[in-house]
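So the structure is just underneath, and the comments pick up after that.
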Amino acid sequence: MPASPERLLNIYLSDHAAAATAGLELARRVARSKTSNASGEALQTLAGEIVEDRRALKRVIAELGFRESRTKHALAWAAEKAGRLKPNGQLTGYSPLSRVLELEALSVGIAGKLALWQSLQTLTHVGERLPDIDLEDLADRARRQRDEVEKQRLQAVRLAFEPAS
């Protein structure tokens with residue numbers, strides 16, 4: 001017997017909550033890795049907003065009567081930590097390639113979050129159950145976040161891959 005739409009929505013939200021856990025860990029790490037200039041400040045602000053977005057998602061889940069999967073949460077946290085072990089062109093330390101890959105992963109995660117908010121907006125029966133959550137505002141914030149991360153990512157690409165003059 002196929003799962004009900006309500007059960008599928010629960011799984012969908014739980015998957016996004018797990019991804020938000022990994023995304024938040026990544027955002028915090030990226031922000032810590034470069035905090036001495038305007039880029040670092042922008043990334044610190046972004047990490048703070050991602051905390052707020054995760055709280056909003058937790059509210060959505062709770063208000064719809066669902067629960068997060070602790071197992072998915074733990075696996076996402078562990079996967080983000082394991083992702084740090086990838087080769088980056090240096091034996092130790094942080095390389096310019098690390099920055100590019102982390103910002104790309106963050107950009108993809110924010111795109112997924114935007115898709116989540118847009119998906120929930122299309123479901124009128126869900127929106128009616130969330131009168132105190134502004135899904136449009138959350139989607140707008142995700143768009144702004146993605147624009148900022150893309151600006152940072154392209155700068156990191158130039159620093160990593162352009163020959164020194």
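Quick note: the coordinates plus some simple rules give every number you see, no bench work behind them. If you're wondering where the values come from, they're calculated on a predicted model, not measured in any experiment. No Cβ is skipped: glycine too gets one built from the backbone with ideal geometry, and neighbour counts run over all protein chains shown.
Quick notes on this one:
- Any hit, the range 19-29, residues being closer than 27 Å to Gly65 by Cα and free of Cβ contacts under 8 Å to residues at least 12 places away in the same chain: no
- Within the range 133-150, being touching a residue at least 60 places away in the same chain (Cβ under 8 Å) and either more than 20 Å from Ala27 (Cα to Cα) or surrounded by fewer than 16 Cβ atoms within 10 Å (Cβ to Cβ) (or both) holds for one residue alone: Ile133.
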